[in-house]
1. Students often get this wrong, so check it: of LYS159/LYS182; LYS159/LYS186; LYS33/LYS182; LYS98/LYS196, which have C-alpha atoms separated by over 25 Å?
2. Tell me the net charge near ARG117. Cut-off is 12 Å between Cβ atoms, ARG117 excluded, with +1 for each Lys or Arg and -1 for each Asp or Glu.
3. Kindly point out which whole DSSP H helices in the chain project their C-alpha atoms 20 angstrom or further along the helix axis while averaging a Kyte-Doolittle hydropathy of -1.0 or above.
4. Calculated FRET efficiency, ARG193 and ALA37, Cβ-Cβ r, R0 30 Å, to nearest 0.05?
5. Mind checking the dipole of the chain: about its Cα centre, +1 per Lys or Arg Cβ, -1 per Asp or Glu Cβ, Debye to the nearest 20?
6. Where nothing but the Cβ of Lys and Arg (+1) and of Asp and Glu (-1) is charged, how large is the charge dipole of the stretch 133-193 around its Cα centre, in debye to the nearest 20?
7. So, how do all the Cα-to-Cα distances of the stretch 65-109 break down into 5 Å bins, in percent, from 0 on up?
8. I'd like to compare 127-137, 3-13, 185-195: which one has the highest average count of other Cβ atoms within 10 Å, and what's the full order after that?
Amino acid sequence: MLHIIDDEEVIRDSLMWLAKSRGIPATAYESGKTFLATLDGTTRTNTQGQCVLLDVRMPDISGVALFDLLTARGLTQAFPVIFLTGHGDVPMAVDTLKRGAFDFFEKPFNDNKLMDRIQEALTSSEHASASAAIHTRLSALSGREREVLDLILEGKMNKVIADKLGISMRTVEVHRAHIFDKMNVKTAVELARLLK
């Protein structure tokens, strides 16, 4: 999902049309405050790619201030920010990029280059969201389940895992079932692929 934040309606409409032409779902906001109000309903575990296309100069909250808020909330990986500006200067661009912005475009911009960068940002966001989801699943494992997981990933059979951990084979089977359930996989091969 592309989040377009610009106080100029004509720019929002144009960017919405460009996104639609590339098959990118998009929502437009006339201000940073409007975007922030809807942001709380967007979950970080959503594996759909997210990208924020942000005008630098807006009346209620500037693009840079909004970027700082997203950074403070730890959301710039899940919501990569691409700045748009008609008044940009090199120091501002360099500063925002050093602080983690995905890219910076000056108006007028090349439509294709902008949309290509947006697609790259969406892909980056999908990877970050998927990694966060895997980390969340891993954190749901108990200490013992984590030990069993590590041995499963080493290719150890249940009997070997039981001997190594000093537990019964039945207990290993129960842990294995819980691990597969929590990690949302059906086989050890799927588990290995997920965690590679």
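None of the figures in this text is laboratory data; all of them are computed from the coordinates on show. The structure displayed is predicted, hence computed values, not measured ones. Glycine also receives a Cβ, built like all others from the backbone with ideal geometry; neighbour counts cover every protein chain displayed.
1. Pairs exceeding 25 Å: LYS33/LYS182; LYS98/LYS196.
2. Here the charged neighbours net out to -2.
3. 111-139, 169-183
4. 0.20
5. 1200
6. That gives a dipole near 60 debye.
7. 6, 23, 32, 22, 12, 4, 0
8. My ranking of the peptides, most packed first, is 3-13, 127-137, 185-195.
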